[in-house]
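Okay, structure first, notes after.
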Amino acid sequence: MKMTKAFMILFTCAFISCGNKEAGQTVSTAEAQQTKTTSSTPDFQADSAYFYVEKQVSFGPRVPNSAAHKACANYLAGELKRFGAKLYEQEMILTAYDGTRLEARNIIGAYNPENRKRILLFAHWDSRPFADHDPDPQNHRTPIDGADDGGSGVGVLLEVARQIQLKDPGIGVDIIFFDAEDYGVPEFETRYVPNSWCLGSQFWGKNPHIPNYKADFGILLDMVGAKNATFYKELTSVKYAAPIVEKVWSTARNLGYGKYFINAEGGAITDDHEFVIKGRNIPCIDIINYDPENRTRFGHYWHTQNDTMENIDPATLKAVGQTVLEVIYNY
Ligand code: AHN
Ligand code: ZN
């Protein structure tokens, strides 16, 4: 019996290696690493995520109180439903730094809502009303496309939702699209206004869609689609969720995405994860394109009229999306 089993294993190995040779498969180390997902993890389709980013941009800037904003909200809610999530929506009036009343909407999709073991994934879906970092001052008060800033994280998460519908990960997953993240006090405004960013997540932190909502940990995707993006270990994430940072960065490295997920610390960034951490006591990390060389610390296109589809690279969407799927399906 023992002999037979050993023989069978030997035979199988010989057969596989022979088959590979016959097919003429020679793969580079990089390619081999790219496909090193565990067999249980679905294959993230970057072209699909790219399409979801393009679709959001096609509505026009998703600035609260605009028709584009409303149309895009309906689209996002419809997609989460179409991908089989249990849908929750929060509609609220938020007050911007200048007193503007914003008709805002947080859009939430839940998978396996009864499962107590859960992961929270989130991104902001609004786009900035001001290109206040544009090289041309004439543009400082015009809204941006936000292909990367807003669109990319949502696009990746819609593809994650589609994959979850195709294959049940066996744990709870919540996807939140927060509104009014990017209505923060602009550069051309001289007065100081505290807590003007992340209004949708601030609201949710105080009023979660489910009383006493809890997840084991959370992952924020912010600006995850630009060509040659670099994701450094953001400091608030390291402070409150170091093991999650290590889990995500080592997963990315093992999948061959180490050129995006840099094994070094970046700065601390005020972002939606801060309000999920502080409001709900959930350890969260922020995957955000960070450029230590740039004056703004973000991409050259950040809060300019150049945050368009031209900057979006499916290879970056793939690196982030595949890493997130790997974390979900191995939790
Ligand atoms: C600040 O600039 C304070 N936080 C960056 C958060 C952000 C804006 N993410 C995208 N747009
Ligand atoms: Zn922004």
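General remarks:
- Some residue of segment 160-177 being in a strand (DSSP E or B) and either over 15 Å from the mean Cα position of the chain (by Cα) or within 12 Å of ligand 2 (Cβ to nearest atom) (or both): yes
- Members of segment 105-128 that are within 16 Å of ligand 2 (Cβ to nearest atom) and surrounded by fewer than 24 Cβ atoms within 10 Å (Cβ to Cβ): none
Rundown of residues vs (1) within 16 Å of ligand 1 (Cβ to nearest atom); (2) under 29 Å from Gln45 (Cα atoms); (3) touching a helix residue (DSSP H, G or I) at 6+ places or on another chain (Cβ under 9 Å), yes/no style:
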| site | (1), (2), (3) |
| --- | --- |
| Leu158 | no, yes, yes |
| Lys167 | no, yes, yes |
| Asp182 | yes, yes, yes |
| Pro186 | yes, no, no |
| Leu199 | yes, no, no |
| Asp222 | yes, yes, yes |
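- Those residues of segment 201-223 which are within 13 Å of ligand 2 (Cβ to nearest atom) and not aliphatic (A, V, I, L, M), in sequence order: Asp222
- Residue in segment 180-202 that is of a type in the set (Asp, Glu) and either at pLDDT below 95 or surrounded by 22 or more Cβ atoms within 10 Å (Cβ to Cβ) (or both) present: yes
- Yes/no for Leu121 being in a strand (DSSP E or B), more than 21 Å from the chain's Cα centre (by Cα) and farther than 22 Å from Met309 by Cβ: no
- Which listed residue is under 22 Å from Ala264 (Cβ atoms) and touching a residue at least 12 places away in the same chain (Cβ under 8 Å), from Ala242, Ala215, Ala229: Ala229
- Among the residues making up segment 264-280, those that are in contact with an Asp or Glu (Cβ under 6 Å, 6 or more places away or on another chain), within 15 Å of ligand 2 (Cβ to nearest atom) and of a type outside the set (Asp, Glu) are Ile269, His273.
- When residues in segment 233-244 are screened for being within 16 Å of the chain's Cα centre (by Cα) and buried (at least 21 other Cβ atoms within 10 Å of the Cβ), 3 of them pass.
The values are calculated or read from the model by the stated rules, or taken from the named source; none is laboratory data. It should be emphasised that the depicted structure is a prediction, and the values quoted were computed from it without experimental measurement. We place every Cβ from the backbone using ideal geometry, glycine too, and count neighbours over all the protein chains shown.
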